[in-house]
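Student: First, the structure itself, so that you have it in front of you.
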């Protein structure tokens, strides 16, 4: 493709992406800088109880947030781990019926799907990202487990069954509400979590181990193949650990942010150069464990939001000033602080959703960052 047409094509892609993000013409009124508390859904009406490892992703055409995998209480096979449902939440609908804990929630796919269909088999923490070219979500292993209770026709083995697929790249179509098996080429999936779809290169990016080194795995969708970019050492000469951490993508600037909980350092991945930069230590130092650094990119404020579960803390990182700002976890309920282990930004409503936790959390929380 000639440079001019390539530039025009990229420009149209970006315009389309922005239009999609702004498509739902709905606003909600919440006070900036304070977490707005709402009741969490009841069991069987949404992810309930202690909620963790549930992966969220925003759906631009509908303005809903889709969630899959993870651990929580459910109405079908009442175990907490490796849930097979897919849920969606409309924050606008939830705010419109504030007294109803189940408002806005919708079951998109049941725990045990129809016999003539396929679905992921016990996803725990997996990649889950919206593909704006094909209008589907991708489910990218990830960690997939086994369970003591299973659906009819589903074995307790680490192997695929006719309707329940183990360690496969899969798509979910929100219009037809059906899963599709795509590929058995999953790269080095063990102990990895989030994935990011890149509309510019039509690839999926995931962080994890490759041949003993922490790397970015890049899945070329049309070619059905993986390539890898090794991270190397961090700014103090130690190995980077980002395989189980949240990823936050700033697609406008072509960056992916993640915090290494083991070393307590913020990293930024350049999606074009395929290079990881160490941006220095985070406030309060390392967590000394993985899987607890929850970040999201606020595309309105142009800041990275970071919620830390232990010790509880909330910060914003400004890439322009290269500085951290301590923020409050105070909520609209007296003596109730925001907490959770699921974090996602809604660009149409300009709010960040926080929910779940290692213990039962009766609330979900909404936050709007103050304008500059």
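The values are calculated or read from the model by the stated rules, or taken from the named source; none is laboratory data. None of the values given here were measured: they were computed from a predicted structure. Don't worry about glycine lacking a Cβ; one is built from the backbone with ideal geometry, like all the others, and counts go over all protein chains shown.
Student: Would you check which residues across region 258-289 are part of a strand (DSSP E or B), touching a residue at least 12 places away in the same chain (Cβ under 8 Å) and more than 15 Å from residue 218 (Cβ to Cβ) and list them?
Tutor: At the first step, the residues of region 258-289 found to be part of a strand (DSSP E or B) are 258-260, 265-270, 275-281.
Next, only the ones that are touching a residue at least 12 places away in the same chain (Cβ under 8 Å) stay: 258-260, 265-270, 275-276, 278-281.
Matches in region 258-289: 258, 259, 260, 265, 266, 267, 268, 278, 279, 280, 281.
Student: Go through region 161-190 and count every residue that is buried (at least 18 other Cβ atoms within 10 Å of the Cβ) and over 16 Å from residue 127 (Cα atoms).
Tutor: Result for region 161-190: 3.
Student: Could you count how many residues in region 331-345 are in contact with a strand residue (DSSP E or B) (Cβ under 6 Å, 6 or more places away or on another chain) and more than 16 Å from residue 39 (Cβ to Cβ)?
Tutor: Summing the residues that are in contact with a strand residue (DSSP E or B) (Cβ under 6 Å, 6 or more places away or on another chain) and more than 16 Å from residue 39 (Cβ to Cβ) in region 331-345 gives 4.
Student: Also, I was wondering about something else. When you go through (1) closer than 21 Å to residue 172 by Cα; (2) modelled with pLDDT of 95 or more; (3) not in a loop (DSSP other than H, G, I, E, B) one by one for residue 17, which number turns out not to apply?
Tutor: (2)
Student: Name every residue in region 39-83 that is surrounded by fewer than 18 Cβ atoms within 10 Å (Cβ to Cβ), without any contact (Cβ under 8 Å) to a residue 40 or more places away in the chain and either on the phi < 0 side of the Ramachandran plot or touching a helix residue (DSSP H, G or I) at 6+ places or on another chain (Cβ under 6 Å) (or both), in order of residue number.
Tutor: 43, 73, 75, 76, 78, 80
Student: Something else: For region 237-257, how many residues are in contact (Cβ under 8 Å) with a residue 40 or more places away in the chain and either buried (at least 21 other Cβ atoms within 10 Å of the Cβ) or over 22 Å from residue 346 (Cα atoms) (or both)?
Tutor: Selection size over region 237-257: 10.
Student: From the list 123, 110, which residue is surrounded by 15 or more Cβ atoms within 10 Å (Cβ to Cβ), at pLDDT 95 or above and touching a strand residue (DSSP E or B) at 6+ places or on another chain (Cβ under 6 Å)? Even if it seems obvious, please write down each step before you answer.
Tutor: Values: 110 fails: touching a strand residue (DSSP E or B) at 6+ places or on another chain (Cβ under 6 Å).
Only one candidate qualifies: 123.
Student: Of everything in region 313-346, what is in contact (Cβ under 8 Å) with a residue 24 or more places away in the chain, surrounded by fewer than 18 Cβ atoms within 10 Å (Cβ to Cβ) and not in a strand (DSSP E or B)? Give them in sequence order.
Tutor: If the condition is that a residue be in contact (Cβ under 8 Å) with a residue 24 or more places away in the chain, surrounded by fewer than 18 Cβ atoms within 10 Å (Cβ to Cβ) and not in a strand (DSSP E or B), then 319, 322, 328, 332, 333, 336 are the ones that fit.
Student: From the list 293, 262, 271, which one is out of contact with any strand residue (DSSP E or B) (no Cβ under 7 Å at 6 or more places or on another chain) and surrounded by 15 or more Cβ atoms within 10 Å (Cβ to Cβ)?
Tutor: Exactly one residue qualifies, and that residue is 262.
Student: Answer yes or no as to whether residue 197 is surrounded by 22 or more Cβ atoms within 10 Å (Cβ to Cβ), out of contact with any helix residue (DSSP H, G or I) (no Cβ under 9 Å at 6 or more places or on another chain) and more than 12 Å from residue 68 (Cβ to Cβ).
Tutor: Values: surrounded by 22 or more Cβ atoms within 10 Å (Cβ to Cβ): yes; out of contact with any helix residue (DSSP H, G or I) (no Cβ under 9 Å at 6 or more places or on another chain): yes; more than 12 Å from residue 68 (Cβ to Cβ): yes.
It is true that residue 197 is surrounded by 22 or more Cβ atoms within 10 Å (Cβ to Cβ), out of contact with any helix residue (DSSP H, G or I) (no Cβ under 9 Å at 6 or more places or on another chain) and more than 12 Å from residue 68 (Cβ to Cβ).
Student: Any residue that is in a strand (DSSP E or B), at pLDDT 95 or above and under 19 Å from residue 55 (Cβ atoms) - is there at least one of those in region 227-236?
Tutor: Taking region 227-236 first, the residues in a strand (DSSP E or B) are 227-230, 233.
Going one step further and asking which of them are at pLDDT 95 or above, we end up with 227-230, 233.
Now restrict to residues that are under 19 Å from residue 55 (Cβ atoms): none.
No, every residue in region 227-236 fails to be in a strand (DSSP E or B), at pLDDT 95 or above and under 19 Å from residue 55 (Cβ atoms).
Student: Would you mind finding the one in 252, 245 that is outside any strand (DSSP E or B), within 15 Å of residue 319 (Cβ to Cβ) and either touching a strand residue (DSSP E or B) at 6+ places or on another chain (Cβ under 8 Å) or at pLDDT 95 or above (or both)? Steps first, please.
Tutor: Values: 245 fails: within 15 Å of residue 319 (Cβ to Cβ).
Step by step, each of 252, 245 is checked, and only 252 is outside any strand (DSSP E or B), within 15 Å of residue 319 (Cβ to Cβ) and either touching a strand residue (DSSP E or B) at 6+ places or on another chain (Cβ under 8 Å) or at pLDDT 95 or above (or both).
Student: Restricting attention to region 303-312, which residues are under 18 Å from the mean Cα position of the chain (by Cα) and surrounded by fewer than 19 Cβ atoms within 10 Å (Cβ to Cβ)? So that I can check it myself, show each step before the final result.
Tutor: First, the residues of region 303-312 that are under 18 Å from the mean Cα position of the chain (by Cα): 303-309.
The answer is 309, and nothing else.
Student: Here is a further query. Just to confirm my filter: which strands (runs of 3 or more DSSP E) fall fully inside region 136-204 and include at least 1 residues that are in contact (Cβ under 8 Å) with a residue 12 or more places away in the chain and more than 26 Å from residue 248 (Cβ to Cβ)? Break it down into steps so the answer makes sense when it comes.
Tutor: Working: elements: 136-141, 169-173, 178-183, 195-198.
Filter on region 136-204 gives 178-183.
Student: Let me ask you something else. Using the structure shown, decide if residue 155 is touching a strand residue (DSSP E or B) at 6+ places or on another chain (Cβ under 9 Å) and more than 30 Å from residue 242 (Cα to Cα).
Tutor: Criteria met by residue 155.
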